[in-house]
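Trainee: This is the structure, below, for whatever I ask next.
The values are calculated or read from the model by the stated rules, or taken from the named source; none is laboratory data. These figures come from a predicted structure and were not determined experimentally. Neighbour counts run over all protein chains shown; Cβ positions are idealised from the backbone, glycine included.
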Amino acid sequence: MMTKLCLFAVLLICSLTINAQVSPETLAKREKRKSLTVKEWNTDSRGKSKWLDHLTVYDDQGRKIEEIEYNTYGQVERVVITYNSVGQVESEIVHNDRNKPIRIRKYEYNTNGTKKKQYNYMPNGKLYSVKVFDYIFSDAK
């Protein structure tokens with residue numbers, strides 16, 4: 001029982017620490033993006049042709065949940081993003097131009113909320129690479 005209580009306390013402290021690190025600026029940006037869809041358009045140099053370049057969708061909490069990249073011929077790539085209970089990116093599923101999943105990214109975080117590892121999977125679930133994040137702070141004077 002004591003072990004479970006200690007584990008709960010550690011998880012609670014970690015989640016409070018992570019949430020406390022969200023800056024007021026980030027919260028303000030999220031507030032403005034709630035339930036928003038942004039379309040980015042390109043035109044040719046004469047302004048005669050126009051095509052959709054990017055479409056970004058945000059959820060009711062202001063977090064990006066989908067991003068689609070286009071070229072003049074149609075969809076290039078679509079990324080669907082999910083979040084964990086503390087608001088960190090849990091996974092990203094990358095789709096090709098035919099909307100077929102081609103890559104799955106899952107993330108592991110440090111206790112301070114920064115990304116620790118990115119696991120890259122094939123659509124069949126087979127792990128094919130791991131990206132490790134190192135944070136090096138220079139002494140700016």
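Trainee: Considering only region 103-126, I want to know if a residue exists there that is among the polar types (S, T, N, Q), surrounded by 11 or more Cβ atoms within 10 Å (Cβ to Cβ) and assigned to a strand (DSSP E or B).
Mentor: yes
Trainee: Let me ask something else about it. Does region 67-84 include one or more residues that are charged (D, E, K, R), at pLDDT 95 or above and out of contact with any strand residue (DSSP E or B) (no Cβ under 9 Å at 6 or more places or on another chain)?
Mentor: The answer is no; no qualifying residue exists.
Trainee: Please determine, by comparing only the residues of region 33-49 that are exposed (fewer than 11 other Cβ atoms within 10 Å of the Cβ) and not aromatic (F, W, Y), which one is modelled with the lowest pLDDT.
Mentor: G47
Trainee: It is to be established whether one or more residues within region 46-64 are without any contact (Cβ under 8 Å) to a residue 12 or more places away in the chain, under 30 Å from E25 (Cα atoms) and out of contact with any helix residue (DSSP H, G or I) (no Cβ under 8 Å at 6 or more places or on another chain).
Mentor: No, because not a single residue in region 46-64 is without any contact (Cβ under 8 Å) to a residue 12 or more places away in the chain, under 30 Å from E25 (Cα atoms) and out of contact with any helix residue (DSSP H, G or I) (no Cβ under 8 Å at 6 or more places or on another chain).
Trainee: Return a yes/no flag: does region 18-32 have any residue that is touching a strand residue (DSSP E or B) at 6+ places or on another chain (Cβ under 9 Å) and either modelled with pLDDT of 50 or more or hydrophobic (A, V, I, L, M, F, W, C) (or both).
Mentor: yes
Trainee: Could you tell me whether V76 is of a type in the set (A, V, I, L, M, F, W, C), over 30 Å from T43 (Cα atoms) and surrounded by 11 or more Cβ atoms within 10 Å (Cβ to Cβ)?
Mentor: So V76 does not fit the description; no.
Trainee: Taking the stated definitions as given, is I13 under 26 Å from V79 (Cα atoms), at pLDDT below 75 and not small (G, A, S)?
Mentor: Considered against the rule, which asks whether it is under 26 Å from V79 (Cα atoms), at pLDDT below 75 and not small (G, A, S), I13 comes out as no.
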